[in-house]
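Down below is the structure, laid out as structure tokens.
The values are calculated or read from the model by the stated rules, or taken from the named source; none is laboratory data. Just so we're clear, the structure is a prediction, and the values are computed from it rather than from any experiment. Cβ sites come from the backbone with ideal geometry, for glycine too, and all protein chains shown count toward neighbours. Surface areas here come from the heavy atoms of the whole protein model, side chains and all, with no ligands, DNA or RNA. Shrake-Rupley method; radii C 1.70, N 1.55, O 1.52, S 1.80 Å.
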Amino acid sequence: MISADLVVLANRLPVDQVTEADGSTTWRTSPGGLVAALEPVIREQRGAWIGWPGNADADIDPFMLNGMQLVPITLTACEVEEFYEGFSNASLWPLYHDLVAKPEFHREWWDAYVRVNRRFAERAAMIASEGATVWVHDYQLQLVPQMLREMRPDLRIGFFLHIPFPPAELFQQLPWRRQILEGLLGADLVGFQLSGAAANFVRLVRQRVGHRTQRDMVHLPDGRAVRAAAFPISIDTAGFTELAASPPVAARATEIRRMLGHPAKIFLGIDRLDYTKGIYPRLRAFAELITDGHLSTEDAVFVQVATPSRERVEQYRLLRDEVDRLVGRINGDLGRIGRPAISYLHSSYPREEMAALYRVADVMVVTPFTDGMNLVAKEYVACRLDDDGALVLSEFAGAAQELRQAWQVNPYDIDGIKAALLDAYHADPKEITRRMRAMRRTVREKDVDAWAARFLDELMGRPAPRP
Ligand code: GDG
């Protein structure tokens, strides 16, 4: 029987199942900042990670990997549809992202959300040792803190939301708004990317649940206090810098530039293919700069990587068709043989290839309509070993609050994006270096290890639970 002093809960386990040449299957840690930051802490504290392994109906026993106890949660095919694709990604995701798409609300999706959250909470209650620390992640699991507190009042519970938390005007559309707020209030510490999101939460709790609040604290009738605060997430900066500096990545970057025909400047976008990421307006802005004669396909190429994502959700299928059509039209109208205006890749790549792309891009374009943080912006900065490269960044990405030296844009303003792209394209190398140097200092000082340590220190410092 597993017993852990630190338990992490996230929708997904930090591993992917891979099939070997001989047909056998093994697990491999999935690359990502969160795993990189938490793995050492979990290992040190005999910790466990509870999550879904990623395929429906998989009934897998807990196992050890890299010093972590991994505890798989089974989701039926129907739960994947209703809890994950439905309530998480077609109700909460658009609602929390400023209604960039219209959220759908269905009572059976909500029922599945409650059921799956309870399964996660029950599993955590089973394996957490007496007085253990539990850290719950993200919008798929917002009911877990309260459920778990009812089962195990001896635990210290933290929650971190990776995506934005909307203002009251939007959040109150949710038919189950009160249950979600009460779910989160089961935690001792509720973390958000930005202080504005924490303030939205506290205000909603006061208005909708009626608890007394004081700055970032919520005071519950039973005497417990919950703190809501900002913990802006970051990346494994040293890991990315090292990868970018490695000879194979440097060679690959040179090769990519050659394959693109040595344009004067390379623009780059890397995103999950998601309607919040603002891929459409950025490609239109770039195409208009060519049509208007400000750029030519000799001067510039736009490489857009759109990683396949949530392909069974209707809104994502529609987006894919829209972007496909736009890229087809732009290249049809503006491209020449061997010189497409946009090099569009609907595919996912290993981290090495990502680092090579970051290294080769002269202008990185990150224009989400709204985004909790946006790690791609920080990864680009970490890979700019020579302090060069221009970052064009949406002012509505969480990262914009730290990366102040980027060329900041309103992602809804196509003329504004055009002006920023052109400005970044023509910027004086000294100006580029001045800005990049400052941003590199930020991501060096504030990496994902510092983020995890700050959250866990703050959580441990909360008053001990009173069972
Ligand atoms: C959510 C919030 C918040 C992308 N394509 C490939 C690949 N990626 C990696 C990137 C980056 C990550 O995926 C994407 O992170 P983002 O932060 O940009 O966006 P979301 O996926 O929406 O993440 C966001 C984040 O959570 C953390 O809290 O910042 O606001 O929405 O690391 O590099 N990695 C590889 N191949 C790909 O093709 N290897």
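Kindly work out what percent of the DSSP beta bridges joining two residues of the stretch 19-131 are antiparallel, to the nearest 5. List each step's numbers first, then the result.
Numbers: 4 of 8 bridges.
Expressed as a percentage, antiparallel bridges in the stretch 19-131 total about 50.
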With θ taken as phi - 60° and the coefficients 6.51, -1.76 and 1.60, list the Karplus ³J(HN,Hα) couplings across the stretch 90-107 in order, rounded to whole Hz; mark glycine and proline as x.
10, 10, 5, 4, x, 5, 6, 9, 6, 6, 4, 10, 7, x, 10, 10, 9, 5
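Would you calculate a helix-derived [θ] at 222 nm for the chain, using -39,500 (n - 2.57) for each DSSP H run of n ≥ 4 and dividing by the full residue count, to the nearest 500? Please report the intermediate quantities before stating the final value.
Numbers: 16 runs with 185 residues, N = 467.
Per the formula, -12000 deg cm²/dmol.
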Amide H to amide H under 5 Å from Tyr344: which residues, 5+ apart in sequence or cross-chain, H placed 1.01 Å off N in plane?
Gln304
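If you count the DSSP beta bridges with both ends in the chain, what percent of them are antiparallel, to the nearest 5?
25
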Which residue, chosen from Leu65, Pro94, Ile42, occupies the Cα position most advanced towards the positive end of the dipole of the stretch 32-96, where the dipole is computed from +1 (Lys, Arg) and -1 (Asp, Glu) charges on Cβ about the Cα centre?
Ile42
With DNA, RNA and ligands ignored, accessible area of Arg252 (1.4 Å probe; Å², nearest 10)
70
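Tell me, what is the FRET efficiency for Arg118 and His219 to the nearest 0.05, using R0 = 25 angstrom and their Cβ-Cβ distance as r? Mind showing how you got there, number by number?
Working: r = 27 Å, r/R0 = 1.08.
That pair, Arg118 with His219, gives E of 0.40.
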In Å², nearest 10: area of Glu130 left accessible to a 1.4 Å probe
150
With 10 Å bins from zero, work out the P(r) of the chain over every alpha carbon pair and list the percent per bin.
4, 19, 29, 26, 15, 5, 1, 0
Applied in sequence order to the stretch 227-236, the curve 6.51 cos²θ - 1.76 cosθ + 1.60 (Karplus, θ = phi - 60°) yields integer Hz couplings, x standing for Gly and Pro, of 9, 10, 8, 8, 9, x, 6, 9, 10, 7
Testing the spin-label approximation: label points 7 Å from Cα along Cα→Cβ at Ala453 and Thr19. State their distance in nm.
4.3
Going by a ≥ b ≥ c, the root eigenvalues of the Cα gyration tensor, does the stretch 114-223 fall in the rounded group (a/c under 1.5), the prolate group (a/b larger than b/c) or the oblate group?
prolate
Based on alpha-carbon centroids, what's the gap between the stretch 183-216 and the stretch 407-467 in Å, whole number please?
24
Relative contact order computed over the chain (Cα-Cα under 8 Å; 6+ residues apart), in percent:
14
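Where the only charges are on Cβ atoms (+1 Lys, Arg; -1 Asp, Glu), what is the dipole of the chain about its Cα centre, to the nearest 20 debye? Working shown, then result.
Details: 55 positive and 62 negative charges, 213 e Å.
Here the size comes out at about 1020 debye.
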Taking a 20 Å limit on the Cα-Cα distance, which of the listed pairs Lys265/Lys418; Lys277/Lys418; Lys418/Lys446; Lys102/Lys418; Lys378/Lys446; Lys102/Lys378 fall beyond it?
Lys418/Lys446; Lys102/Lys418; Lys102/Lys378
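Compare the peptides 117-128, 448-459, 256-267 by average per-residue count of other Cβ atoms within 10 angstrom and give them in order, highest first. If you can, show how the numbers build up before the last one.
Numbers: 117-128: 20.8, 448-459: 17.5, 256-267: 15.8.
Peptide ranking by packing, descending: 117-128, 448-459, 256-267.
Given Cα positions, please report Rg to Rh for the stretch 237-445, the hydrodynamic radius being the Kirkwood one.
Using only Cα positions, Rg/Rh for the stretch 237-445 is 0.93.
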